[in-house]
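Contents: one structure, followed by commentary.
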Amino acid sequence: MRFSPRPALAVFLAVLFAGGCAHRHVVRTPPPTPPPSPTPGPAPAPAVPSGPMRVIEEGNASWYGVPYHGRRAANGEIYDMHKLTAAHRTLPFETIVRVTNLRNGKHTQVRITDRGPFVEGRIIDLSLAAAREIDMVATGVARVRLEFVNGPPPMNGAFTVQVGAFLQKENAVKLRQRLERRYQPVFVHEYDSPKGLFYRVRVGRVASEVAADKLAEKLRTQESLTTFVVRLDE
């Protein structure tokens, strides 16, 4: 009988075809993808003091611009009347206070950078920008409330009492000599203002504002002097 190669060839092709199909249908499973790292959320908001702000004091505010604009403030920086800053006699530099005009309710926040005002009955001297914010430029003086917003941590300090400011040095020396009989120390502090060189007479160096207030009261009643308690920043 004659052998036909067709059946064998058919079997070979079938096996080859099956192998090729099997190769094409193999699915290579990729390694599992690690879960994404958690996305960090927004930074927490800074803590806001709860409750009402602490009232520091109420009294008259004034403002100052030219000719002090561009001159050095008591904290060492150049005074810019277009920034929200102020002068205060005892608050530490960099203290932020809210100033409210009690006549119209308008308010602003200022940074303490300077010392003053040295005018009886006034508690704060505002920059021109701050005075505009509370609508007191035209009046020049306004009744205000000061509230503490933020500031440096509590710090030890020294306080003195200013009892006079003179353009003539000899007048400052006379007052110093008179007071030295009963008080120590008494010293003369020079201040170069736009109006000229002033000689400020100051009495005492005490560790607290309370003690300085008591000394100021004594100087008012026993020496008939106008007094201003001032923080010493030296």
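Taking the options 196, 204, name whichever one is farther than 20 Å from residue 123 by Cβ, in contact with a helix residue (DSSP H, G or I) (Cβ under 7 Å, 6 or more places away or on another chain) and small (Gly, Ala, Ser).
Numbers: 196 fails: in contact with a helix residue (DSSP H, G or I) (Cβ under 7 Å, 6 or more places away or on another chain).
Within the list 196, 204, the selection yields 204.
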Fill in the blank from the handout: By residue number, the members of the range 124-148 that are within 24 Å of residue 207 (Cα to Cα) and in contact with a Lys or Arg (Cβ under 8 Å, 6 or more places away or on another chain) are 146, 147, 148
Practice task
Collect the residues in the range 74-108 that are touching a residue at least 12 places away in the same chain (Cβ under 8 Å), farther than 20 Å from residue 230 by Cβ and out of contact with any Leu (no Cβ under 9 Å at 6 or more places or on another chain), keeping them in residue-number order.
Solution key: 80, 83, 96, 101, 102, 103, 104, 106, 107
Fill in the blank from the handout: Scanning the range 130-152 for residues that are over 21 Å from residue 52 (Cβ atoms) and in contact with an Asp or Glu (Cβ under 8 Å, 6 or more places away or on another chain) gives 152
Problem - Residue, farthest from the chain's Cα centre (by Cα), within the range 91-129, restricted to residues that are small (Gly, Ala, Ser) and closer than 28 Å to residue 190 by Cα - result: 121
Practice task
Taking the options 141, 149, 188, name whichever one is within 17 Å of residue 60 (Cβ to Cβ) and surrounded by fewer than 18 Cβ atoms within 10 Å (Cβ to Cβ).
Solution key: 141
Problem - Top-ranked residue in the range 90-104 [being assigned to a loop (DSSP other than H, G, I, E, B) and touching a Lys or Arg at 6+ places or on another chain (Cβ under 6 Å); ranked as farthest from residue 115 (Cα to Cα)] - result: 102
Handout entry: Exclusive hit being among the aromatic types (Phe, Trp, Tyr), under 30 Å from residue 96 (Cα atoms) and outside any loop (DSSP other than H, G, I, E, B), set 187, 159
Key = 159
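Quick note: the coordinates plus some simple rules give every number you see, no bench work behind them. Note that the structure is a prediction, hence the values are computed from the model and not measured. FYI the Cβ positions are ideal-geometry reconstructions off the backbone, even for glycines, and counts take in every protein chain you see.
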